[in-house]
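J.: Pasting in a structure now, in structure tokens, and then I'll have a few things to ask.
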Amino acid sequence: MNRPPRRRKSPPGRPRKNAPPGRRRPPLAALRAVPWRQDLPASLVVFLVALPLCVGVAVASGVPAELGLVTGIVGGLVVGALPGSSLQVSGPAAGLTVLVADAVQRFGAGVLGLLVLGTGLLQLAMGALRLGRWFRAMSASVVHGMLAGIGLTLLFGQLYALADRRAPATGPEKIAGVPALLTDAATAAANPSAVALGLGTLLVLVAWKHLPGRPARTVPAPLAAVGLAAAVTAAADLPVARVRVAGLLDVVHLPERDSLGALAGTAGLGTVVAFTLIASAETLFSAAAVDRMHHGPRTDYDRELTAQGLGNTVCGLLGALPMTAVIVRSAANVQAGARTKASRFLHGLWLLLFTALLPGVLGLVPLAALAAVLVHAGAKLVPLRRIAGLCREHWGEALVLGVTAAAIIATDLFEGVLIGIGLAVAKSAWQTSHLQIAVDELVLPSGRPLHRVRLSGNATFLRLPRLLDTLERLPDDRPVELDWSGLRHLDHACTLALASWAAQHRARSSEPLAVEPPLPTVA
């Protein structure tokens, strides 16, 4: 008797190869498939990085700190559960701080939710139109320049918080004030307790991975550093600033009908468009950077844009800050060893639990310790090895990277990236327009001299002055042979110029002019 072949059972948590395409795994199987050993510690690291960013961005925007935490929670629990980018983490971003502060001063804090709601709906429309994929055209040097610019801005800005000082508003002012800050820290003019606590936290962060014994290294370094700093602060009752969080329900409110008038004018609509463009660009530029930091699944840009739109829609309904994907949290998530989107979902859960149920625990955490975590994270974003390699081998790419980073520090993330992209495009256009011009002087069988001009490469308008200078220097009393068969590209401007030069040469000279192959007819 012939028995039918037995089907091999699939391992737990792994779908069968012949399973229907639309069928999903059971919830328990999906939970078992999560690499908890990597994602759970990574979520705690991201939570520690996200906490000061949420609070700092909210305060800098002129709204209660709780609204920044609400946006961080939505970024974790809502966007973190949606498809798009598996390791990118969303929340309030420093790139929108100036625009949000201006909107709050112009329209009032009650209108902010409506503006963010309009941003989310517009992003949903952009995702439905599949406009996210256009952000994949991104130079690697621009991406690494963006990482370096954000890292340096974060590093110099948080140095002030580490010394319990308020940071200047702009990037150049932050850098210019560092010498005076160091002098104050050395002479004890700054808060000595905060400085000592911050430096100690930095020392733990740097030395933690070098500790002997594997059990100690399984604890994330930021978690250990902040925990030790909080314990020392509580035990010694140090006079340093700490995290202050009130109730979340007191600041959450739905948009009111009276605020609809803000969208009727051009100022309100312009603010919504600005929010949408900057939030979308920062999110998808960050996705390009995060994809280069790991070897896992690549980002689906259209789905990520849709996820961000849904997240901003929820934030708008709650009256919170606008949301983008934040490269600092995302980089911390990747560097902490996260494998799936469970880490970013859990980081939102930790934000919710700690701010809603245990605000007193967060009150024990000193801001200087959190600033040290951000200084360490910012320093790790600067790709020193890549910069050194580019300076040795590709100085043009190193220039693009440096200009992008400097532009981000001097302006903001969106403008800096646009400047970097413009420079990368100009560099590529210049490099791809190489034109080789060879002029050989030959002798005909009759003994008369002949000039042969051979063109190869790419003849574009960028090389037109050099081409015309070479042709116009040829003498009129000798025959000329123009060979442009080696050109890979001949644009319209060069075609017109060559045809015009050939006509003028024939009119001025009685000597023959041979053009091989014949020039195309141009209008």
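J.: Residues of the range 273-301 being β-branched (Val, Ile, Thr) and touching a Phe, Trp or Tyr at 6+ places or on another chain (Cβ under 7 Å), which ones?
T.: Answer for the range 273-301, where residues must be β-branched (Val, Ile, Thr) and touching a Phe, Trp or Tyr at 6+ places or on another chain (Cβ under 7 Å): just ILE278.
J.: Evaluate the following for VAL46: is it closer than 30 Å to VAL252 by Cα, part of a helix (DSSP H, G or I), of a type in the set (A, V, I, L, M, F, W, C) and at pLDDT below 85? Even if it seems obvious, please write down each step before you answer.
T.: On the way: closer than 30 Å to VAL252 by Cα: yes; part of a helix (DSSP H, G or I): yes; of a type in the set (A, V, I, L, M, F, W, C): yes; at pLDDT below 85: no.
So VAL46 fails the test.
J.: For residues that are touching a helix residue (DSSP H, G or I) at 6+ places or on another chain (Cβ under 9 Å) and either at pLDDT 80 or above or aromatic (Phe, Trp, Tyr) (or both), scanning just the range 237-250, find the one that is nearest to VAL74 (Cα to Cα).
T.: ARG242
J.: Another question about this same structure. Looking at this structure, is ALA234 touching a helix residue (DSSP H, G or I) at 6+ places or on another chain (Cβ under 6 Å), in contact (Cβ under 8 Å) with a residue 12 or more places away in the chain and farther than 30 Å from VAL417 by Cβ?
T.: No: the conditions fail for ALA234.
J.: Right, another one. Limited to the range 50-77, what total is found for residues that are of a type in the set (A, V, I, L, M, F, W, C), over 17 Å from ARG166 (Cα atoms) and surrounded by fewer than 21 Cβ atoms within 10 Å (Cβ to Cβ)?
T.: Of the residues in that region, 1 qualify.
J.: From the list ALA287, ALA281, ALA267, which one is surrounded by fewer than 22 Cβ atoms within 10 Å (Cβ to Cβ) and under 27 Å from THR404 (Cα atoms)?
T.: Details: ALA287 fails: surrounded by fewer than 22 Cβ atoms within 10 Å (Cβ to Cβ); ALA267 fails: under 27 Å from THR404 (Cα atoms).
One residue alone meets the criteria, ALA281.
J.: List every residue pair whose Cβ atoms sit under 9 Å apart, with the two residues 6 or more apart in sequence or on different chains, where the first one lies in the range 445-461 and is surrounded by fewer than 18 Cβ atoms within 10 Å (Cβ to Cβ) and the second, anywhere, is aromatic (Phe, Trp, Tyr) and assigned to a strand (DSSP E or B).
T.: ARG454/TRP484; SER456/TRP484
J.: I've got another one for you. Would you be able to tell me the number of residues in the range 118-142 that are over 22 Å from ARG298 (Cα atoms) and surrounded by fewer than 24 Cβ atoms within 10 Å (Cβ to Cβ)?
T.: 4
J.: What residue, among those in the range 95-115 that are within 25 Å of the chain's Cα centre (by Cα) and open to solvent by 50 Å² or more (accessible area, probe 1.4 Å), is farthest from VAL57 (Cα to Cα)?
T.: ASP102
J.: Of the residues LEU51, LEU87, LEU124, LEU96, only one is farther than 18 Å from ALA287 by Cβ and of a type outside the set (Ser, Thr, Tyr); which?
T.: Of LEU51, LEU87, LEU124, LEU96, the one residue that is farther than 18 Å from ALA287 by Cβ and of a type outside the set (Ser, Thr, Tyr) is LEU51.
J.: Answer yes or no as to whether ALA196 is closer than 13 Å to PRO366 by Cα, free of Cβ contacts under 8 Å to residues at least 60 places away in the same chain and of a type in the set (Gly, Ala, Ser).
T.: yes
J.: Just give me the residues in the range 343-360 being at pLDDT below 90 and either in contact with a helix residue (DSSP H, G or I) (Cβ under 6 Å, 6 or more places away or on another chain) or small (Gly, Ala, Ser) (or both), in sequence order.
T.: PHE354, THR355, ALA356, GLY360
J.: Name the single residue, out of those in the range 128-138 being outside any helix (DSSP H, G or I) and more than 12 Å from the chain's Cα centre (by Cα), that is modelled with the lowest pLDDT.
T.: Among those residues, the one meeting the criterion is ALA137.
J.: With (1) surrounded by fewer than 17 Cβ atoms within 10 Å (Cβ to Cβ); (2) of a type outside the set (Lys, Arg); (3) outside any helix (DSSP H, G or I) as the list, and VAL251 as the residue in question, which single condition is left unmet?
T.: The single condition VAL251 does not satisfy is (1).
J.: Output the residue which, of all residues in the range 492-523 that are charged (D, E, K, R) and surrounded by fewer than 16 Cβ atoms within 10 Å (Cβ to Cβ), is nearest to ARG454 (Cα to Cα).
T.: GLU516
J.: Out of curiosity, is VAL417 out of contact with any helix residue (DSSP H, G or I) (no Cβ under 6 Å at 6 or more places or on another chain), surrounded by 16 or more Cβ atoms within 10 Å (Cβ to Cβ) and either at pLDDT below 90 or assigned to a strand (DSSP E or B) (or both)?
T.: no
J.: Are there any pairs, at least 6 apart or on different chains, whose C-beta atoms fall under 9 Å, with the first in the range 44-72 and more than 13 Å from HIS347 (Cα to Cα) and of a type in the set (Ser, Thr, Tyr) and the second buried (at least 24 other Cβ atoms within 10 Å of the Cβ) and at pLDDT 85 or above, and if so, which?
T.: Note: pairs meeting the criteria are SER61/LEU67; SER61/GLY68; SER61/PRO92; SER61/VAL100; SER61/ALA103; SER61/LEU112; SER61/LEU321.
The values are calculated or read from the model by the stated rules, or taken from the named source; none is laboratory data. As the structure is a prediction and not an experimental result, all values here were calculated from the model. Backbone-built Cβ (ideal geometry, glycine too); neighbour counts: all protein chains shown. Ligands, DNA and RNA are excluded from the accessible area calculation, which covers all protein heavy atoms including side chains. Shrake-Rupley method; radii C 1.70, N 1.55, O 1.52, S 1.80 Å.
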